[in-house]
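The values are calculated or read from the model by the stated rules, or taken from the named source; none is laboratory data. Since we're looking at a predicted model, the values are computed, not measured. Neighbour counts are summed over all protein chains in view; Cβ atoms, including those assigned to glycine, are modelled from backbone coordinates with ideal geometry.
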Amino acid sequence: MAKSDNKMTDTDEKIFIGKGEQPAWLTLGLGNRHGLVTGATGTGKTVSLQVMAEGFARAGVPVFAADIKGDLSGISEVGEPKDFILKRASEMGLTFQPDQFSTVFWDVFGEQGHPVRATVTEMGPLLLARMLDLNDVQEGVLNVAFRVADDNGLTLIDMKDLRALLDAIVPDSKKGANGDDDALASVRKAAQGFGNVTKATVGTIQRQLLVLENQGGTKFFGEPALLLKDFMRTDSDGRGMVNILVADKLMQSPRLYSTFLLWMLSELFEELPEVGDPPKPKLVFFFDEAHLLFNDAPKALMDKIEQVVRLIRSKGVGIYFVTQNPIDVPDKVLGQLGNRVQHALRAFTPRDQKAVAAAAQTFRPNPKLDTAKVITELGKGEALVSFLEGNGTPAMVERVMIRPPSARIGPITPEERQAIMNKSPVKGKYDTTVDSDSAYEMLQKRVAGTAATADGDRRDDLRHQRVARKIVDRSDHRAKRHALGNQQGGRRGCCRSRQIGGRLDGRFGRPRSGARRARWAAATIELFADLPRRDLPLISGTSVC
């Protein structure tokens, strides 16, 4: 039995990862230089991830990790001294010390953790096009929609806002060419000013939105939107909070999963200030199943990923990609990952053999090891590691046994999860959806206002027509009575009738024929259009003869 060595524990400057011929240490000051954890299924990647997350949390660094299978949730509970754990600790000369870490659970669907939401505006057209799997033409129309929303002050918060905006920019042939009856004419005109926006293209985007909604995407977009500072917390003991994204259901929609994590990285990059090279990272981000991020990604998105990975280091954020093969990660990104943990790979196929060779070439050679051969011989819990040294250069690759985690290995129960959520520092902050006035409501108000004005105009026209008909009818009646009165040597009629009749007679003459009567009625509508309402009874009521 190896002698216990209590010096092989985390320090203020380093995290103890494992032991081979020499202890393997990850320097906190170089933790923001990113990293890569690779290996075939069942070789111990999740345990390595948990060991690294525990080390960062002990040092006061907040951690975010996606939990694909539910195994990582055990970090929130006290470790259990199981036989295989005690055996590994003893072989490494360690004393197993159970521990647990303050944890916050997050869930896009709000079922097993606090809801995670973002607004459509925050997501942006590039990432949204990736999420919807749009082609270049469709992405261009989506960019037009976002530009029109910005120019018209239309806030895009949730899916119904985006749908309403897309409906608004579609050309409507049923409306008049001058748009007099179209409340959204200015929006449609602005959209057409950026290029031809067709109904067919918008319809395709709407159908892709339906697919996203069926996958649960409606729960992701909305308010209150996530504040990234809630990820960057420490507990009462000064340890970093471990933020776990429950992703077992989210993984059923790979594009939603990968785009969501990329959005988080982009938001961190844009919001966090420059800090250079701090003594320890401000946040460490573990991206499990990282190959989903790069699969079929268009060039614009790949450029965005490369930019974020390259520059977010100066914001104090370390990104650690977790995947099966190193060849899953593009070379431009792979070159930015300084801290490496390589578990076993199986070389059964030509592609596997290529992956083994590629993995071996990414390490700094060690004359004592045939790296390519050792990769295929590693047992469970063993790994080849190479971490950056004090001057920022990679250490020679070493074969080590990964230390056992201090917290529980494996998933927790629903009751334990609920108890943790009840004590969460963000309890109640994101649990209830808020439906604020946004593009949907604003566009509805425009349409409703125009409709109300049109209805009012139609009512005024009908009222004026009724007034005109009454005046015409009474004028004919008055003409007959005047003729009868003249025959009888008298003249009848009220002064108000004579006043109105005189004004009309002077301008248009008596309506003695059908054509002149029609002209006279139309002119009457124009004449009395601006008359105060209090005068209308005098015109249309019984005071007219």
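Look at (1) assigned to a helix (DSSP H, G or I); (2) assigned by TED's automatic domain parsing to the domain that holds residue 415 and you find that residue 111 fails only one, number (1). Just wondering, is there one or more residues in segment 347-358 that are touching a residue at least 60 places away in the same chain (Cβ under 8 Å) and assigned by TED's automatic domain parsing to the domain that holds residue 54? Checked against the condition, which is being touching a residue at least 60 places away in the same chain (Cβ under 8 Å) and assigned by TED's automatic domain parsing to the domain that holds residue 54, segment 347-358 yields no hits at all.
Taking every residue in segment 219-239 that is in contact (Cβ under 8 Å) with a residue 12 or more places away in the chain and crowded, with 19+ Cβ neighbours inside 10 Å and pairing it with any residue that is aromatic (Phe, Trp, Tyr) and in a loop (DSSP other than H, G, I, E, B), at least 6 positions away or on another chain, the pairs with Cβ-Cβ distances below 6 Å are 219/109.
If you go through segment 75-85 one residue at a time, do you hit one that is surrounded by 24 or more Cβ atoms within 10 Å (Cβ to Cβ), touching a residue at least 24 places away in the same chain (Cβ under 8 Å) and of a type outside the set (S, T, N, Q)? Among the residues of segment 75-85, at least one is surrounded by 24 or more Cβ atoms within 10 Å (Cβ to Cβ), touching a residue at least 24 places away in the same chain (Cβ under 8 Å) and of a type outside the set (S, T, N, Q), which makes the answer yes.
The condition of being surrounded by 14 or more Cβ atoms within 10 Å (Cβ to Cβ), at pLDDT below 90 and either out of contact with any Gly (no Cβ under 6 Å at 6 or more places or on another chain) or in a helix (DSSP H, G or I) (or both) holds for residue 446.
Which of the residues that make up segment 313-323 are small (Gly, Ala, Ser) and surrounded by 22 or more Cβ atoms within 10 Å (Cβ to Cβ)? If the condition is that a residue be small (Gly, Ala, Ser) and surrounded by 22 or more Cβ atoms within 10 Å (Cβ to Cβ), then 316, 318 are the ones that fit.
Being under 30 Å from residue 392 (Cβ atoms), modelled with pLDDT under 95 and not in a loop (DSSP other than H, G, I, E, B) is not true of residue 53.
For segment 400-411, the set of residues classified as surrounded by fewer than 21 Cβ atoms within 10 Å (Cβ to Cβ) and either β-branched (Val, Ile, Thr) or closer than 20 Å to residue 344 by Cα (or both) consists of 401, 409, listed by residue number.
Taken as a whole, the condition of being under 30 Å from residue 416 (Cβ atoms), of a type outside the set (A, V, I, L, M), in contact (Cβ under 8 Å) with a residue 60 or more places away in the chain and in contact with a Lys or Arg (Cβ under 7 Å, 6 or more places away or on another chain) does not apply to residue 27. Exactly one residue out of 10, 5 is modelled with pLDDT under 90 and either within 21 Å of residue 238 (Cβ to Cβ) or aliphatic (A, V, I, L, M) (or both), and it is 10. Looking across segment 10-28 at every residue that is more than 15 Å from residue 60 (Cβ to Cβ) and charged (D, E, K, R), the one that is surrounded by the most Cβ atoms within 10 Å (Cβ to Cβ) is identified as 19. Picking from residues in segment 109-153 that are in contact with a strand residue (DSSP E or B) (Cβ under 6 Å, 6 or more places away or on another chain) and more than 18 Å from residue 164 (Cα to Cα), the one that is surrounded by the most Cβ atoms within 10 Å (Cβ to Cβ) is 113. Starting from residues that are more than 15 Å from residue 37 (Cα to Cα) and acidic (Asp, Glu), keep the ones in segment 371-407 and report whichever is nearest to the chain's Cα centre (by Cα). Among those that are more than 15 Å from residue 37 (Cα to Cα) and acidic (Asp, Glu), it is 389.
Checking each residue in segment 306-343 for being under 20 Å from residue 63 (Cα atoms) and among the hydrophobic types (A, V, I, L, M, F, W, C) picks out 308, 309, 311, 312, 317, 319, 321, 322, 337, 341. Within segment 216-247, the only residue that satisfies the criterion of being of a type in the set (Ser, Thr, Tyr) and in a helix (DSSP H, G or I) is 218. Taken as a whole, the structure leaves residue 441 outside the set of residues that are among the charged types (D, E, K, R) and either assigned by TED's automatic domain parsing to the domain that holds residue 83 or in a strand (DSSP E or B) (or both).
Residues are listed down the side, and each one gets a yes or a no for (1) in contact with a Ser or Thr (Cβ under 6 Å, 6 or more places away or on another chain); (2) surrounded by 16 or more Cβ atoms within 10 Å (Cβ to Cβ); (3) modelled with pLDDT of 90 or more:
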{"site": "304", "(1), (2), (3)": "no, yes, no"}
{"site": "325", "(1), (2), (3)": "no, yes, no"}
{"site": "329", "(1), (2), (3)": "no, yes, yes"}
{"site": "355", "(1), (2), (3)": "no, yes, no"}
{"site": "379", "(1), (2), (3)": "no, no, yes"}
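Of the residues making up segment 35-56, those that are on the phi > 0 side of the Ramachandran plot and buried (at least 24 other Cβ atoms within 10 Å of the Cβ) number 1.
Scanning segment 208-215 for any residue that is part of a helix (DSSP H, G or I), among the aliphatic types (A, V, I, L, M) and within 24 Å of residue 449 (Cβ to Cβ) turns up nothing.
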